[in-house]
Every structure is written in C-alpha cells, then in structure tokens.
Amino acid sequence: MTIVVLIVALLTTVYALTLASLAPLDLLTGAVLGGLLLWLSRSVVLPAARPDGPTVLRRAVAFVPFALAVAGEIIVGTWRVARVVLGLRPLTAPGIVKVPIGERSATGVVATGLVESLSPGSVLIDIDREERVLLFHFIDAADPDAERTRMQRFYERYQRHVFP
C-alpha cells in the first residue's frame, strides 16, 4: 500500500510541475489521473512480489549504486564510440550477440535492455522468448563471451538488487 501512495504522490508531483501550479484543484486532478494511470498499468508497475525478491526499501537503497554503475557504463560506452567515430580506433567487428535471459524477471529483462541501450555502442534488437535470449547489436562484438560475461556481472552486482 505504501508503494501505491508513493507512486501516486510522484505522479501528482509530475502533473503539478507540468502545470506549474499548486492549486488544490490541480493537485486533486493530478492525484486522480495518477491513480487512474497506476490502476491501468498495475500489472506492469506493480508485478506480483517474488518471495525471494528484494523489498522496496532494499531496492531504493540499491538504486544508488545501480544508477552510478549505469552512469559509468554510459561514460565507457561514449568513450568507445567516440574513439571509433574520431578514427582513433577502427570499426572491425560490429555484430549481434545473444545474451541469455537467465533468471531475470520480465522487469529485469526490460531493465537490462534499457541499461544496455542507454550506453552508446550497443542496442537491444529483439527479445526471443522461445530461445530465452536477448539480441543486442554491439559496435564491437569481437568477443561475444566477454560481452555476455560483462552483462551478467553487471546484473549480479547492481541490477538484480533493484530490478531482478
């Protein structure tokens, strides 16, 4: 219940900031629209709790190192792409790499795709649910096993505690 109130409060805040108004009627409208939006998207936003999954408080605490690690991935990816674009490093082996979904939940799969696509040099192409793999295009896919290992290490160390 606490998470529902928090989400509605955040959505109301976004609505109020968009309108640049703190008028009571605007806040009430934002709360109603936020509640309606949450109710319509409840199966995605509020998935069924996994018994072994992290609690909301633990996720909130683990989000800080996760966000910092994502920022680090973006910086490293930007540097790699900049070197290729500036001609400091040749573009030798772009390609597609299959990354196993493993124990990721549906939310974890989406988070992995988003995090990896935020970092320049890689983008999620498809999710093959039958084969249980994510297909990524990398600017440098010379060592697909190294990319899979890096992504699994990131998942285990940072993402799993926030988006299992």
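Laboratory data are not the source of any read-out in this text; all were calculated from the coordinates shown. This is a predicted model, so every value here is computed, not measured. We place every Cβ from the backbone using ideal geometry, glycine too, and count neighbours over all the protein chains shown.
Summary table below
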item: Gained length - Leu46 relative to Ala23, 0.36 nm times residue gap less alpha-carbon distance; result: 5.3 nm
item: Computed [θ] at 222 nm, helices only, for the chain once each DSSP H run of length n ≥ 4 contributes -39500 (n - 2.57); result: -19500 deg cm²/dmol
item: Förster radius 25 Å - calculated FRET efficiency between Arg157 and Arg83, Cβ distance, rounded to 0.05; result: 0.45
item: Translational diffusion of region 2-45, µm² s⁻¹ [Kirkwood Rh, Cα pairs; Stokes-Einstein; 10 °C; 1.306 mPa s]; result: 154 µm²/s
item: Simple label model, 7 Å out from Cα along Cβ direction - Phe63 to Ala146, nm; result: 3.4 nm
item: Projected-area average for the chain over all orientations - Cα convex hull basis, square nanometres; result: 12.1 nm²
item: Fully extended contour minus Cα-Cα distance, from His137 to Val14, at 0.36 nm per residue; result: 40.9 nm
item: Helix runs (DSSP H) in the chain reaching 27 Å along axis by Cα, Kyte-Doolittle at least -0.5; result: 56-85
item: Ratio of Rg to Rh over region 65-161 (Cα coordinates, Kirkwood Rh, two decimals); result: 0.96
item: Cβ crowding within 10 Å averaged over residues, with 116-127, 144-155, 55-66 ranked highest first; result: 116-127, 144-155, 55-66
item: Cut-off under 5 Å, modelled amide H: who pairs with Asp126 long-range; result: Leu135
item: Computed label-point distance, nm, for sites Leu37 and Ser117 using a 7 Å Cα→Cβ extension; result: 2.0 nm
